[in-house]
Amino acid sequence: MLLQSRYLIIALCFFASSANATRSPFELAGNSIPAGQKRSFFASVADTDMQIPITVFHGVKAGSVLTLSAGTHGDEFPAITALQRLRSEIDLTALKGTLILVHAANLPALHQYGLSALHPGDNKNLNREFPGNANGSDTERLAHFLTREIVDRSDYFADLHSGSAYQQLWPHIYAPFVGDEALDARTLAWAKASGMRHVILYGDRPRDPANSISYPNTAMTRGKPGLTLEIGDRGHNEEEDVLTYLDALRRLIAGIDMLPTTLPASEGQVIYKHLVDVETPVTGIFEPHCKIGELVNAGALLGIVRDYFGETIAELRAPNRGVVLMLRHAPPVNKGAGLISIGIE
C-alpha cells in the first residue's frame, strides 16, 4: 500500500510538472517569452522611431495577465523608479499568470528638454488620445500600440501617475465605473486591495471603446479592470513616494492572487463619490489658502487670484465639504484652469 502511494505521488507530480511545462509562451510585440522566464526588451512602435522599455514575467502557473504601466506623462517619475525595483523582486517560481511592466510608456515626453507631460512630436497628451490611430500623429500611434499590444493582452491594468511639475497632490487611486455592475465591483475591490487610503469613484470617462480617451478607460471599455494611481508630485522623485508605490503595487499583485503576501490588511480607507474641480474665473497670479489633505467646509476660502499689481481679483471658495486632493503649485494661472480638486465622501 505504501509503495502504491509513492507511485501515486510521483505520478501526480509528473502530471503537474508536465502541465506547467506545456504552458504556451507569452507573445508580446514580436517577443516570445517561455513559461518560467523573465524577458526585458524594447518594443518598437510601427512606422516611428519610438521604443518602449518592457519587462514580461511569464509564470509557469496559470493566472491573470496584469500590466503595470508608468511614464504616460514625461514629468512623473516615482512609478518609473518603483517598477525598476519591482523588476528585481518578482519570484517567478511563485508567480501565477503573467506580469507586464511598461517601464516608461512615453519616452519622447520623458527625455525632452525641461519638464513636460506632453509628447514633443505633436504636443499632445497621451492620456487623451486612446485608443489611438495607427496612421495618426506620433502620440496617436503610440496610443494605438499601447491599446493593441498592452491593454488588449491584459486582464487587469493599472496606469501609474504622480503630480506633474506644477501640481501637488495627496496620494489616491481612481476606481472607474462604466455601468457594468460586475466589472465595476471587481474594479473597486481591486482598488481597495491596493491599500491606498483615498479611493475615488470615477465615472466621467466615455463608455465607447472607439473613443475611450484615457489609458485605463481603454481597459474598462473592453471589460477589464483599469485603475489610475497617483503618488508623488511636483515633478519630484522622492524615496518616500517610491516606497509608497512599491507597497501599493505589491498589494495589487497579491490582490488578484498572482503572488502570496504577508502584508497586513489595510485600514481606514475613505471612498469619495466624485471630485469637484475649482476653476479660476480670471487670469492672474494664484495664492493658495489651503493645504493638500486638508478637510474644508463648503464656502471655505481655498485661495485668491491677484492681478499683476497684487490686487485681489478673485476669491476661490469650496463648493462642497471635502478633502483637498490636488492643488496647483505654480502661481501664474489662466482663466478657466482647474486649481484645486476636492474629494467628496
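The values are calculated or read from the model by the stated rules, or taken from the named source; none is laboratory data. Keep in mind that this is a model prediction, so the values were computed, not measured. Don't worry about glycine lacking a Cβ; one is built from the backbone with ideal geometry, like all the others, and counts go over all protein chains shown.
Name every residue in the range 91-127 that is out of contact with any helix residue (DSSP H, G or I) (no Cβ under 9 Å at 6 or more places or on another chain) and either farther than 19 Å from residue 80 by Cα or of a type in the set (Ser, Thr, Tyr) (or both), in order of residue number.
Scanning the range 91-127 gives 91, 92, 93, 94, 96, 97, 98, 113.
Please go through the range 105-140 and give me each residue that is in contact with a strand residue (DSSP E or B) (Cβ under 9 Å, 6 or more places away or on another chain), in a loop (DSSP other than H, G, I, E, B) and surrounded by fewer than 22 Cβ atoms within 10 Å (Cβ to Cβ), ordered by number.
Within the range 105-140, 112, 118, 125, 137 meet the criteria.
Residues of the range 222-259 being among the charged types (D, E, K, R) and over 25 Å from residue 59 (Cβ atoms), which ones? Spell out how you get there, then give the answer.
Quick first cut of the range 222-259, residues among the charged types (D, E, K, R) only: 222, 224, 230, 233-234, 238-241, 247, 250-251, 257.
230, 233, 234, 238, 239, 240, 241 - these are the residues of the range 222-259 that are among the charged types (D, E, K, R) and over 25 Å from residue 59 (Cβ atoms).
Counting only residues that are in contact with a Ser or Thr (Cβ under 6 Å, 6 or more places away or on another chain), give me the strands (runs of 3 or more DSSP E) lying completely in the range 14-103 with at least 3 of them.
Numbers: elements: 26-28, 31-33, 37-44, 51-58, 61-70, 96-102.
Filter on the range 14-103 gives 51-58, 96-102.
Which numbered condition in (1) within 20 Å of residue 190 (Cα to Cα); (2) touching a Leu at 6+ places or on another chain (Cβ under 8 Å) is the only one that residue 124 fails?
(1)
I need the full set of residues from the range 317-338 which are closer than 11 Å to residue 302 by Cβ, surrounded by fewer than 21 Cβ atoms within 10 Å (Cβ to Cβ) and out of contact with any Leu (no Cβ under 7 Å at 6 or more places or on another chain), in order please.
The one that is closer than 11 Å to residue 302 by Cβ, surrounded by fewer than 21 Cβ atoms within 10 Å (Cβ to Cβ) and out of contact with any Leu (no Cβ under 7 Å at 6 or more places or on another chain): 319.
Within the range 297-317, restricting attention to residues that are in a strand (DSSP E or B) and of a type in the set (Gly, Ala, Ser), which residue is farthest from residue 287 (Cα to Cα)?
Of everything passing the filter in the range 297-317, 314 is farthest from residue 287 (Cα to Cα).
Limited to the range 164-178, what total is found for residues that are modelled with pLDDT of 95 or more and of a type in the set (Gly, Ala, Ser)?
1
Any residue in the range 180-192 that is under 22 Å from residue 247 (Cβ atoms) sitting within a Cβ distance under 9 Å of a residue that is hydrophobic (A, V, I, L, M, F, W, C) and part of a helix (DSSP H, G or I)? List the pairs, counting only those 6 or more apart or interchain.
Hits for this filter: 187/220; 190/252; 191/252.
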